[in-house]
Every structure is written in C-alpha cells, then in structure tokens.
Amino acid sequence: MGHSFHGTHLKMFATSREFMLRRYGIVRGEELAETFRRRGIAVYPRTLSETYPAGIIANMFPGTPPSAHKIRTVAGMDSAVAASRRILSLLRQSGIQGDLPAPPDMISGQGSRRERYKRFEDSLDAVLCAVAALYHGEYGSSMVFSDGENGYTVIPEPRFT
C-alpha cells in the first residue's frame, strides 16, 4: 500500500505473524510481551501491531526527511547525527518526555563510529515505535494500514500543532 504523508510518499504494508517468523524467526512483539510478563509488568491482551519509523517521522514531523537519521556512508555520518538531533528536538516539542537517547560522541568512544551510531539509531527507532504505541493505545490518534486479515501497521497522527 502506498501512502503520502504531507507530500512524502512511502510504501506501507500490513505485517503478519507469518512474515515475522519468516523474516526474523520470531515475532518480536510477542517476545517483548513475554519478557514484560516474566518481569511482572502488566501486558494487556491486545493484538500486536507493527510500526514504521520512516512513516512516523513523515507524518509527525512534516518537512523532516523520514530516513535522514539513517547512516548510509561514513560521509553521511554528520548529516545523520544532525537529523537525529532534529528528530529528538521535535519529539520533545511534541510533548514526549523522559530520557531520550543521545547521539554518541562521534570523536571518541568504544567501537567504530558506525557501530556507535547504529546502536543509537536503533534506540531512536525504538523510541519512535513506542511513540506510535502511545498515540495508538492511549490517545486513539493513529492511522492504521491493514489488509483486513493478516495484521496491521500503525502510524501516529500528530495531536499537537
């Protein structure tokens, strides 16, 4: 399914258990829910959904390139760090509170620059996915892409102007 978010066209799809098992060998949301249950964290019996960080960025923060925070080349590292700082700032401006990940020191640190940034990038994507869950579950403010049978993908709709 194609969809345009404020002029940015993205391909969206509804996920399914079968796709997750085929692609990753597990259903990540089910694994996470089980980890929560084992630790005594309440997990409500809801259907699991998938989300898409590029769609979240495109819909919540118009004008921000949805994949600008992804590193593709070493030359693009500075640009990716700048884009990630912008996304973090926009999250805070939209009312998201709490500890958000910080881009790593790109001059020194453990591991290669690429490895350090990739760990941060994964953390930022996880925050974006949590924002999608918050908007969908708590605010009822989301777009749902589904084929009506296999599963669905949730993208938050901005609540703030």
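The values are calculated or read from the model by the stated rules, or taken from the named source; none is laboratory data. These numbers come from a predicted model, not from an experiment. Every residue, glycine among them, receives a Cβ derived from its backbone with ideal geometry; neighbour counts consider all protein chains shown. Just so you know, the surface numbers come from the protein's heavy atoms only, side chains and all, with ligands and any DNA or RNA stripped out. Shrake-Rupley method; radii C 1.70, N 1.55, O 1.52, S 1.80 Å.
For region 27-52, enumerate the residues that are among the hydroxyl-bearing types (S, T, Y) and modelled with pLDDT of 80 or more.
T35, T51, Y52
For region 72-91, how many residues meet the condition of being modelled with pLDDT under 90 and basic (K, R)?
Number satisfying all stated conditions: 1.
Would you check if there is a residue in region 108-117 being of a type in the set (D, E) and either assigned to a loop (DSSP other than H, G, I, E, B) or without any contact (Cβ under 8 Å) to a residue 12 or more places away in the chain (or both)?
yes
Step by step: first the residues of region 12-36, then only those that are basic (K, R) and surrounded by fewer than 11 Cβ atoms within 10 Å (Cβ to Cβ), then the one that is nearest to C129 (Cα to Cα). Which residue is that?
Among those residues, the one meeting the criterion is R23.
Enumerate the pairs (first residue in region 5-27 and touching a residue at least 40 places away in the same chain (Cβ under 8 Å); second residue anywhere and open to solvent by 100 Å² or more (accessible area, probe 1.4 Å) and in a loop (DSSP other than H, G, I, E, B)) with beta-carbon separation below 7 Å, excluding pairs fewer than 6 apart on the same chain, so at least 6 apart or on different chains.
Correct list of pairs: M12/M1; F13/M1.
Would you mention how many residues in region 91-107 are part of a helix (DSSP H, G or I) and open to solvent by less than 30 Å² (accessible area, probe 1.4 Å)?
Number of matching residues: 1.
Yes or no: region 135-158 includes at least one residue that is in a loop (DSSP other than H, G, I, E, B), closer than 25 Å to K11 by Cα and either among the aromatic types (F, W, Y) or at pLDDT 85 or above (or both).
Yes, because at least one residue in region 135-158 is in a loop (DSSP other than H, G, I, E, B), closer than 25 Å to K11 by Cα and either among the aromatic types (F, W, Y) or at pLDDT 85 or above (or both).
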